[in-house]
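Please read the structure below before turning to the comments.
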Amino acid sequence: MRLTACARNYTLPPDWSKNPKVSGFFGEHFMGRFAKVLQSSIGAKVAMAVTGILLVLFIIAHMLGNLLMFAGPEATNAYAKGLKDLGALLWVARIGLLVVFLVHIGSALRLWRMNQAARPQAYAVSESTMVTYAGRSIVLTGLLVLAFAAYHLLHFTLFATNPEFAQLHDAQGRHDVYRMVVLGFGNTAVSGVYLVSMILLGLHLSHGVTSLFQSLGINNPSYNPLIKRLGPWSGVIVAVGFMAIPLAVLAGVLK
Ligand code: HEM
C-alpha cells in the first residue's frame with residue numbers, strides 16, 4: 001500500500017537525467033556500459049580504427065585486383081565477371097562496405113565535434129587540439145578521398161560520367177573492364193584526378209594506419225618503431241600500386 005502511494009506521488013524532476021545519482025542508475029541499466037563506451041571519444045576512436053582496418057583490407061584487395069590489368073584483358077575481365085557472378089553475396093559485401101564507410105565517417109564527425117566542444121577558445125587555431133588524429137591533414141585528406149570515391153563510383157561503376165562504358169563488351173560477351181579502364185585513363189585530366197587522389201589516399205593512410213594502433217591501445221616500446229613505419233609504408237605501397245595503372249595507360253604500356 002505504502003509503496004503504491006509512494007509511486008503514485010512520486011514525479012521525476014524535469015531534469016532528472018542530469019542528476020548524476022539518477023543518471024548513473026538509469027544510464028547503467030538502460031543504456032548499458034557498452035553504449036556509453038561507444039558514445040565516448042574512446043568508443044569513437046575504436047570504431048574508427050576497426051572500420052579503418054576493414055577499409056584498408058578492401059583497398060589492398062581492390063588494388064591487387066586492379067593490378068590484374070598488367071596480366072591483360074582476359075585476366076581483368078574474367079576477374080570482374082567472377083565478382084559479378086557472386087550475385088547476392090556481392091550485394092552483401094557492397095552493403096557491408098557502405099556501412100563500414102559510413103561508421104568510419106560518422107565516428108570522424110563525432111570526434112571532430114567532441115574536439116570542437118573541448119576547445120578552450122573557439123578561435124585558438126595555432127595549436128591543433130585534435131585528440132585523436134595525428135594531424136589536421138588527416139581530416140582534409142579524408143574529405144578529399146571521400147569526394148574521389150563519389151567521383152570514382154560515378155565513373156567506373158555507375159557510368160554516369162561516361163554512359164558509353166556500359167556498352168563495352170569483349171568477344172565472350174563480358175563487360176570489357178580492361179578497355180573501360182584504358183579508355184578512361186586515356187583522358188589526361190581524368191588520369192590527373194586519379195593520380196592526385198591516390199597521393200591523398202596515401203597521405204591519409206600514412207597518418208591513419210599509424211594512429212589506429214594508438215586508438216586500439218597497441219603500444220609497446222619494442223613494436224612502436226615498426227608501427228610508426230607501417231603507416232608511411234602502407235601509404236606508399238597503396239599510392240604506388242594504384243597510380244601504376246593510369247601511369248601505365250598514359251605511357252602506352254597498357255593499351
Ligand atoms: C587507379 C585506381 C583505381 C582503379 C583503376 C579502379 C578501378 C575500378 C573499377 C574498374 C571498378 C568497377 C569494377 C567493375 O564494375 O567490375 C571499381 C569499383 C570500385 N572502386 Fe575502384 N579503382 C581505383 C581506385 C579505387 C580506390 C582508391 C578506391 C577506394 C578509396 C576504390 C573503390 C572502389 C569501389 C568502392 C568500387 C565499387 C565496387 C563495387 O562495384 O562493388 N577504387 N574500381
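The values are calculated or read from the model by the stated rules, or taken from the named source; none is laboratory data. What you are looking at is a predicted structure, and each value in this text was computed from that prediction instead of being measured. Every residue, glycine as well, gets a Cβ built from its backbone with ideal geometry; the counts of neighbours run over all protein chains shown.
A few notes on this one:
- Any hit, the stretch 232-250, residues being out of contact with any Leu (no Cβ under 6 Å at 6 or more places or on another chain), of a type outside the set (Gly, Ala, Ser) and modelled with pLDDT under 95: yes
- Counting the residues of the stretch 152-211 that are away from the ligand (no atom under 12 Å from the Cβ), among the aliphatic types (A, V, I, L, M) and assigned to a helix (DSSP H, G or I) gives 3.
- Residues located in the stretch 227-255, provided they are more than 19 Å from Thr188 (Cα to Cα), more than 9 Å from the ligand (Cβ to nearest atom) and surrounded by 17 or more Cβ atoms within 10 Å (Cβ to Cβ): Ile227, Leu230, Gly231, Ser234, Gly235
- The condition of being crowded, with 16+ Cβ neighbours inside 10 Å, modelled with pLDDT under 95 and away from the ligand (no atom under 11 Å from the Cβ) holds for only one of Ala35, Ala47, Ala7, that being Ala47.
- Taking (1) surrounded by 13 or more Cβ atoms within 10 Å (Cβ to Cβ); (2) more than 9 Å from the ligand (Cβ to nearest atom); (3) under 21 Å from Phe213 (Cβ atoms) in turn, Ala75 satisfies each apart from (3).
- Of Met198, Met180, all but one fail to be modelled with pLDDT of 95 or more, over 17 Å from the mean Cα position of the chain (by Cα), closer than 29 Å to His155 by Cβ and crowded, with 17+ Cβ neighbours inside 10 Å; the exception is Met180.
- Of the residues Asn220, Asn187, the single one that is surrounded by fewer than 20 Cβ atoms within 10 Å (Cβ to Cβ) and at pLDDT below 95 is Asn220.
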